[in-house]
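The values are calculated or read from the model by the stated rules, or taken from the named source; none is laboratory data. Since we're looking at a predicted model, the values are computed, not measured. With ideal geometry, Cβ positions are generated from the backbone for all residues, glycine too; neighbour counts draw on all protein chains shown. For accessibility, only protein heavy atoms count, side chains too; no ligands or nucleic acids. Shrake-Rupley method; radii C 1.70, N 1.55, O 1.52, S 1.80 Å.
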Amino acid sequence: LLVVVLLLVAGLSVVGTGSVAAQQSADLVVATDGSGDYSSIQNAVDNASNTARIEIKSGVYEESATIDKNVTIAAPDGATLTPSPSGSDFSGISITEHAAPHISGLDIDGFDVSINAGRAGATDPTNGDWKVTNISINGNNEQYSSGIDASETSGNWTLKSIKIKNTDYGISFSSSTSDI
């Protein structure tokens, strides 16, 4: 019985260690107040390595971001992405080329297309295996707006815990050959 208890305790220690490793620390931090490595999500993506973990601190980010790398973008305390004051942002987040990012924890508010991995606008569809989790999307109430456009994509993509409102098309995936 003592051996079983010791093995059980040792097993819990291994499981605990694995859990800590899964919650790796950020390689780059983005904060609107300048306390991070960058104050812009796009600048962090541009300067990140291909597999970097980018943590977005709570705040409102008035920009759009194009992701062309296999980065993890996480806003563990929530953050909001809105169009820049110039109003010229078509997509909140564009996933391009072979990118396979994992994006989580953002509120995306007021774009024509909140997450664009497909053919919307001038973006070519991606063939990367991307993942979006725990995202809240509030569209702009305009005709033909989409929460997520994955039209004509060929990579595999995953959506989990997504809230979409005020869009014509919640998720558009016409002509996609992806495994959803």
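Looking at the range 63-180, I'd like the Rg to Rh ratio, where Rg is from alpha-carbon atoms and Rh is Kirkwood's inverse mean 1/r.
For the range 63-180, the value is 0.92.
So what is the accessible area of the range 91-180 per residue, in Å², with the probe set to 1.4 Å?
45
Could you give the length gained on full extension between THR133 and ASP33, defined as 0.36 nm per residue of separation minus the Cα-Cα distance, in nm?
33.5 nm
Skipping prolines and chain starts, which residues have an amide H placed within reach, meaning under 5 Å, of the one on ALA52, given they are 5 or more residues away or on another chain?
Here THR72 satisfy the definition.
In the neighborhood of ILE73, defined by Cβ-to-Cβ distances under 14 Å, what is the net charge if each Lys or Arg adds +1 and each Asp or Glu adds -1?
Neighbour charge sum, excluding ILE73 itself: -4.
Tell me whether the range 21-99 comes out rounded, prolate or oblate; compute the Cα gyration tensor, take square roots of the eigenvalues as a ≥ b ≥ c, and use a/c under 1.5 as the rounded threshold.
Since a/c reaches 1.5 but b/c is at least a/b, the shape of the range 21-99 is classed as oblate.
Would you please put 138-148, 29-39 in order of how densely packed they are, using the mean number of other Cβ atoms within 10 angstrom per residue and starting with the highest?
Going by the mean number of other Cβ atoms within 10 Å, highest first, we get 138-148, 29-39.
What is the calculated FRET efficiency for SER49 to GLN143, with r their C-beta to C-beta distance and R₀ = 35 Å, to the nearest 0.05?
0.30
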